[in-house]
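The values are calculated or read from the model by the stated rules, or taken from the named source; none is laboratory data. Since this is a predicted model, take the numbers as computed values, not measurements. Neighbour counts run over all protein chains shown; Cβ positions are idealised from the backbone, glycine included.
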């Protein structure tokens, strides 16, 4: 496997969708920086998998809600490879599942702030380098709950809806500088974050899905990878559901 010169930063890259995306991009000969918040062991496992397959990768700890840490992380990527072409903004933010009546404003606002702040900080840090090269691919990972409400998901869905709109502003503002930005919007995905789902619910969702199964992280990773390459050079600001046809936007 030969490194083809493109460099990607995948936030939340130590598990789930992020880990699957990091592995897939590396298979496509892209150098990958695997960001993680706290699970160093999981990030190291992803890193070793990539390296064992002959790929180019590094792991970087950073809380993407912290401006200083984001700045250091981007500097580390530039220090290693001298460029940053692709950002996959995927890091998950904790949220509470409650009815609106049971939230305090502080609980509700925390999810909104974390979600948008991380995307904002990452975007501000990576776009100057992309603009200088007149080339950039940004993929923001949202959720189908941004458009279709689910029980007790008001904080998560509202935050992801804000992320979707932010991404469109990024697409509009940075398009003239050679940067495209798109939104991948998964439905239910089988990850650690969805283990609370009872098996009967997973089976119900699979029966209602035209493609016949609940998404895997790899299913979503392939959609993300599609928007990091040359085939999407004239696609920006798009909202792409990845749910096997469960909901069609």
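If you go through region 76-84 one residue at a time, do you hit one that is at positive phi and either over 19 Å from the mean Cα position of the chain (by Cα) or touching a residue at least 12 places away in the same chain (Cβ under 8 Å) (or both)? Within region 76-84 (the criterion being at positive phi and either over 19 Å from the mean Cα position of the chain (by Cα) or touching a residue at least 12 places away in the same chain (Cβ under 8 Å) (or both)), the answer is yes, since at least one residue qualifies. Considering region 198-213, the residues that are closer than 29 Å to residue 167 by Cα and at pLDDT 70 or above include one that is surrounded by the fewest Cβ atoms within 10 Å (Cβ to Cβ), namely 210.
Screening residue 65 with (1) surrounded by 15 or more Cβ atoms within 10 Å (Cβ to Cβ); (2) under 24 Å from residue 232 (Cβ atoms); (3) at pLDDT 95 or above gives one miss only, at (2). The test for being modelled with pLDDT of 95 or more and outside any helix (DSSP H, G or I) does not hold for residue 155. For region 128-148, a tally of residues being touching a helix residue (DSSP H, G or I) at 6+ places or on another chain (Cβ under 6 Å) and either assigned to a helix (DSSP H, G or I) or modelled with pLDDT under 95 (or both) returns 4. Residue 185 meets the conditions (1) under 18 Å from residue 87 (Cβ atoms); (2) modelled with pLDDT of 95 or more in every case but one. The failed one is (2).
So which of 94, 8, 33, 20 is modelled with pLDDT under 95 and under 17 Å from the mean Cα position of the chain (by Cα)?
Answer to the selection: 94.
Determine, yes or no, whether residue 31 is touching a residue at least 24 places away in the same chain (Cβ under 8 Å), buried (at least 24 other Cβ atoms within 10 Å of the Cβ) and under 21 Å from residue 216 (Cβ atoms). No: the conditions fail for residue 31. Restricting attention to region 131-150, the residues that are in contact (Cβ under 8 Å) with a residue 24 or more places away in the chain, over 18 Å from the mean Cα position of the chain (by Cα) and either under 23 Å from residue 245 (Cα atoms) or surrounded by 16 or more Cβ atoms within 10 Å (Cβ to Cβ) (or both) total 2. Of the residues making up region 214-231, those that are surrounded by 15 or more Cβ atoms within 10 Å (Cβ to Cβ), under 14 Å from residue 139 (Cα atoms), in contact (Cβ under 8 Å) with a residue 24 or more places away in the chain and touching a helix residue (DSSP H, G or I) at 6+ places or on another chain (Cβ under 9 Å) are 220, 221, 224, 225, 228. Closer than 21 Å to residue 167 by Cβ and not in a loop (DSSP other than H, G, I, E, B): does that describe residue 109? Criteria met by residue 109.
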